[in-house]
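Notes to accompany the following structure.
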Amino acid sequence: MNKELIINTSPTGVEIALLEEKKLVELHNEKVDASFGVGDLYLGKVKKLIPGLNAAFVDVGFEKDAFLHYTDLSPYAKSILKFTQLAINANGAEVDFSKFQIEPEIVKTGKINEVLNGKPTILVQILKEPIAAKGPRLSCEISLPGRFIVLTPFNEIVAVSKKIHSSDERKRLHKIVEAIRPKNFGVIVRTAAEGKSTAELHQDLLELTETWKTIQKNITGAESPTRILSEQNKTTSILRDLLNESFNKIVVNDKNIYNDIKSYIQRIAPDKTDIVSYINNGTPVFDQFGITKQVKGAFGKTVNLDSGAYLIIEHTEALHVIDVNSGYKSVSNSQEENALQTNLEAAEEIARQLRLRDIGGIIVVDFIDMKSPDNRKKLQDAMEDFMKADRAKHAVLPISKFGLMQITRQRMRPEVNINTAENCPSCGGTGKITSTLLLEDEIEKRLHYLSSNGHKHLSLLVNPIVYSHITKGFFTNIAKRWKKKYALKLKVQPNTNYGIVEFRFFDQNEEEIKF
C-alpha cells in the first residue's frame, strides 16, 4: 500500500495528514501548548479515594483531577509506589534498577484503599487525554514503546504480538528477547519486529532502557504534580508505529522538523532517508496534495460516496449513529445486489471515517436492509477487513435482525471535529437578507448620493440575476432610466461571486467606493 505523510507547520501547531493510496485516512493536530498527551509520564499525588467506584482521583496538574481505576493500577502497583519513593529520595544517586526488589503482585479483586492508603505520590502514565469536562485517565502499567518492542518495567514477562502468525518466528523472537532482556523489565515484541535481527532488537532495547534511566533521574527530588517524561511528538510517534516498506513519501514544510525527521529515520531506518522531502514554495502544502479539499468533503454531517449514496453521521451523548442511504447508480436490476454493493462501499468509507475523525465508543450503523444471510456475512467480513488498518482497539458485531451493526472503538483522544460550513456571503450567517423588493430602491438611493457628490462615471457590480433584472427590456430597462435621471455614465456588470442582494460601486479609476 502506498502511504504518504504530509506535515504542515503553522504558528499554532503542527498538522499531520496520513494518506493511503492518495486518500486521507488520518488527520492529527498537535498544538504548541498541548500539555497532556497519551503516553506522558507524571508524578501525581493521590487526592481522593472513592471506594464505591474502586478508584482514585490523582492530581497531575490538570484543572480537574485525573481518574485512576483499580483495574488500571497494574499488578505491580506496590513495586511502583516503592520505586517512586526510592527515586524521589535518591538525592542525586542513580538507583540500580537491576537490584530493585519487586514487591508481590496485588490481587485482581482488591480494593483501591488497600493499595493507595495514605494518599501517596505515585508514578502514572496518561491513558486517555482530557475529553470534554473530564480530566485525564491514568494507568500505573508503565510502558515505553519503541519501534520493535515495548518495554514494561517491574515485571519479567516476554510476550510476542499475536499478529505474527508463524510459530517458528514467534519462538525465535521470544528466544532473542529472553537472552537480551535486563532484569526487572518485561518486553512486548511488536509486529514490526518480524524478521528483524538480534542487533536491531538489542539497539531498540538499549534506547528504551536509557529512557527509563532518564525517568529515574527526573523523579529524583521532584515534587508532585510534575511531568516526568513527555511522549515523543505525534510526528515521530506516527513514524515509529507506521514506518514500513509501503511508506514512500514524507513531506514537511518546516526546516527544523525536516531535519528532526531526517535524523530520526537515519537512526531507525537508514535505507528510507530519501523518502523525506522539504517543500516550502509559498503555496500551502495541504493544498498542493489535495488534503484541504478532502477535509472539506470528509467532515460534516453528510458524507457523499462515488455511487451517489451518502452517509449521515450523528453524535449523541452516548454513541455515534451512522445512517447509510442508497444512491442513484444501480449495478444490476436486483435490489438485493444493489443494496450489497452500496453497503460494501459505505463500509469502506465508514472504516475510513472512524480513523479520520478518531471516533470512539459505541458506533451504530444502519445499513440498507438485505434479506440474504450470506450477504450480511459478506458485509461483516468486509467491515472487519476494512478496519484491519485501524491501530485503535475495536470490535465489530454481526448485523442484528433489525439491520444494525454495532462497532466499538477505543477512545484515546477527543474526536476530531472540523466545521466545514462557511458563512453565506449574502446574510453573513444570520439566515436573513434584505428584501429584494427594497434592493432597487437601495441602489437608486446610493446613485442619487454619488451623483450629487460629483461622481459622473460609475461601475455597478451585482449578482447576475439582479443584472438581468435591471438591464433587460427596452421600456423596462432600469439602468437606462437611472443614467437619464441622474445624468451620469453608468456601467452595470454581473459578478457570480456576489450574493443576491450584494452590490458595489466603483469609480472611473476602478476603485471601490465605500459608504
Restricting to Cα pairs below 8 Å that are 6+ residues apart, what does the relative contact order work out to for segment 302-374? Please round to a whole percent. 33
Which log10 I(q)/I(0) values does the chain give at q = 0.06, 0.07, 0.13 Å⁻¹ under the Debye formula, counting every alpha carbon as one identical point scatterer? -0.45, -0.58, -1.34
Compare the peptides 368-380, 503-515 by average per-residue count of other Cβ atoms within 10 angstrom and give them in order, highest first. 368-380, 503-515
With a Förster radius of 51 Å, plug the Cβ-Cβ distance of THR220 and LYS23 into 1/(1 + (r/R0)^6) and report the FRET value to the nearest 0.05. 0.60
Segment ASP274-ASN453, length gained on full extension (0.36 nm per residue, minus Cα span): 57.8 nm
Helix axis angle, 198-219 relative to the chain longest principal axis, alpha carbon, degrees: 90
Compute the length gained on full extension between LYS480 and GLU156: take 0.36 nm times their separation in residues and subtract their Cα-Cα distance, giving the result in nm to one decimal. 107.5 nm
If you wrap a convex hull around the Cα atoms of segment 1-86, how much volume per residue is inside, in Å³? 181
Compute the separation of the alpha-carbon centres of segment 351-404 and segment 127-174 and state it in Å as a whole number. 26
For the peptides 301-307, 186-192, what is the packing order when you average, over each peptide's residues, the other Cβ atoms within 10 Å and list the highest mean first? 186-192, 301-307
Farthest positive-ward along the chain dipole, Cα basis, beta-carbon charges - from THR342, SER263, ALA179: THR342
What is the spin-label model distance, in nm, from ALA90 to THR316 if the labels are put 7 Å beyond Cα along the C-beta direction? 5.2
Tell me, what is the percent relative contact order of the chain, built from C-alpha pairs under 8 Å that lie six or more residues apart? 12
Starting from the residue with the highest accessible area, list PHE402, PHE185 in decreasing order, probe 1.4 Å. PHE402, PHE185
Between GLU114 and ASP323, what is the FRET efficiency for a Förster distance of 51 Å, r being their Cβ-Cβ separation, to the nearest 0.05? 0.60
Please compute the volume of the convex hull spanned by the alpha-carbon atoms of segment 144-183 and report it per residue in Å³. 75
Hydrodynamic radius of segment 172-213 per Kirkwood, over alpha carbon pairs, in Å: 10.7
Evaluate the distance, in nm, between pseudo-label points positioned 7 Å from the Cα of ASP306 and of ILE102 along their respective Cα→Cβ axes. 5.2
Contour minus Cα-Cα span, ARG504 to ASP369, at 0.36 nm per residue, comes to 43.3 nm
How large is ³J(HN,Hα) for each residue in segment 146-161, as worked out from phi by the Karplus curve 6.51 cos²θ - 1.76 cosθ + 1.60 (θ = phi - 60°), to whole Hz, x for Gly and Pro? x, 6, 10, 9, 10, 8, 10, x, 6, 9, 10, 8, 10, 10, 10, 3
Which order do the peptides 10-19, 269-278 take when ranked by the mean count of other beta-carbon atoms within 10 Å per residue, highest first? 10-19, 269-278
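The values are calculated or read from the model by the stated rules, or taken from the named source; none is laboratory data. Computed from a predicted structure; not experimentally measured. A quick note on method: Cβ atoms are made from the backbone with ideal geometry, for glycine too, and the neighbour counts reach across all protein chains shown. Only protein heavy atoms, including side chains, enter the accessible area calculation; ligands, DNA and RNA are left aside. Shrake-Rupley method; radii C 1.70, N 1.55, O 1.52, S 1.80 Å.
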